[in-house]
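*Asks:* Sharing a structure with you now.
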Amino acid sequence: MYNFPLVSIGLTTYNRPTHLKNALFKLSNQTYKNIEIIVADDNPLNEDNFLIYKNNFSTDSRINYHKKTVNEGMNLNFIYALSKARGKFFMWAADDDDWAENYIEECVQILEANDDVLMACTKAYLMNNKYEIFNIHNADINTSKLPLKEKQKKILKNIPPYNTGFYGLYRTAFLKTCYFPNSLSNDRILVLETATKGEIVQSDKVLFYYCSEGDSVNINKYLMATKAPMNSFLKAIPALNMIFLHLKGVLFHWDHVSLYGKLITVKSLIRSWKSENRFNIIYQQICKLFLTKVLWKK
């Protein structure tokens, strides 16, 4: 029997008070009680989220509400929530998702049973923002006892288009060493790093409810709006910026991974980007840049 280590939950929110109320209710009523909930509110201009916390959850000492003074964007809000974590284990929680009451308990049991496991998760239901389930996400991301090539092939094949495993439970000490660029698909590169450096175990139980409507975002629009550091050239070609940041992370920031492992990862990523037409998107953006910046001026 394990000793019920502290689990930190980074609940990120922006402007969905009704969803935030449901998320706080479901997380605070988990069967696993030794938790801290870090609410990272990235909307400095609206008090609706704070009022949900104040009027309904302020008496729960496990919930810590953080009102950001500047809107930094989704990715930096995720990093902010992680920076506040004190627990042995950590999970991100989106305010529009949902969880069975024993989700955290199931994941903790997996992590406590095997020190080689860096992240534990469960299968997931897919739902809309009205909490109506329309499918089960059966993608298998178990990596136990697989060689490196097979791990990466499995992860890159099975996590798109819904990376529900990203919202699993991680070892906090490991997670704080990971590369998490402020770019699109950073969730994918994080899960890939997790599988490269250790094991991912996915329970066959369906205990997570993933709101897929949050994924319906135009890739180019998202990349242009991100506050990721870019020079002027990469800012004009955002899809290329994403690839640049991912390759930079794998080659220069993945500590304790051999050169062979890094090269295998780059090969896997290139194959994945090719199948998703990312290079075609880059070509289109270069053409657009040429037309608007060169021919238009003439």
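Bear in mind these aren't lab numbers, they're just calculated from the coordinates by the rules spelled out. Every value quoted in this text rests on a predicted model; they were computed, and no experiment measured them. Positions of Cβ are generated from backbone atoms using ideal geometry, with glycine treated the same way; all protein chains shown enter the neighbour counts.
*Asks:* Each residue of segment 174-183 in turn: what ³J(HN,Hα) in whole Hz from Karplus with 6.51, -1.76, 1.60 and θ = phi - 60°, glycine and Pro shown as x?
*Replies:* Calculated HN-Hα couplings, in order: 5, 4, 6, 9, 7, 8, 9, x, 7, 8 Hz.
*Asks:* For segment 71-147, just say rounded, prolate or oblate: build the C-alpha gyration tensor, square-root its eigenvalues into a ≥ b ≥ c, call rounded for a/c under 1.5, and beyond that prolate if a/b exceeds b/c, oblate if not.
*Replies:* On the way: a/c = 1.75, a/b = 1.09, b/c = 1.61.
Oblate is the answer for segment 71-147, as a/c is 1.5 or above yet b/c matches or exceeds a/b.
*Asks:* Which far-off residues, 5 or more places away or on another chain, put their amide H under 5 Å from the one on L11, with H placed in the peptide plane?
*Replies:* Long-range HN contacts for L11: I38, V39, A40, A93.
*Asks:* Could you check the simple spin-label distance between N280 and Y260, using points 7 Å along Cα→Cβ, in nm with one decimal?
*Replies:* With each label point 7 Å from Cα toward Cβ, the separation is 3.6 nm.
*Asks:* At 7 Å along Cα-to-Cβ for each site, give me the label-to-label distance between V206 and N29 in nm.
*Replies:* Inter-label distance under the simple model: 2.1 nm.
*Asks:* State, in angstrom, two size descriptors of segment 1-151 derived from its alpha carbons: Rg to one decimal place and Dmax to the nearest whole number.
*Replies:* Cα radius of gyration and Dmax of segment 1-151 are 16.3, 51 Å respectively.
*Asks:* Further question: I'd like to know which of L118, I141, N43 lies farthest towards the positive end of the charge dipole of segment 7-215, counting +1 on Cβ of Lys and Arg and -1 on Cβ of Asp and Glu.
*Replies:* Positive-most Cα among the choices belongs to L118.
*Asks:* Run a plain Debye calculation on segment 148-187 (Cα atoms as equal point scatterers, no solvent) and give log10 I(q)/I(0) at q = 0.26 Å⁻¹, rounded to two decimals, same order as the q list.
*Replies:* Ignoring solvent entirely, the Cα scatterers give -1.14.
*Asks:* Hey, another quick one. Fewest to most neighbouring Cβ within 10 Å: what's the order for K54, K145, K123?
*Replies:* Working: K54 11, K145 8, K123 19.
By the 10 Å Cβ count, ascending, the order reads K145, K54, K123.
*Asks:* Separation between the D48 and D60 pseudo-spin-labels, each 7 Å from Cα along Cα→Cβ, expressed in nm?
*Replies:* Taking the two extended label points, one gets 2.1 nm.
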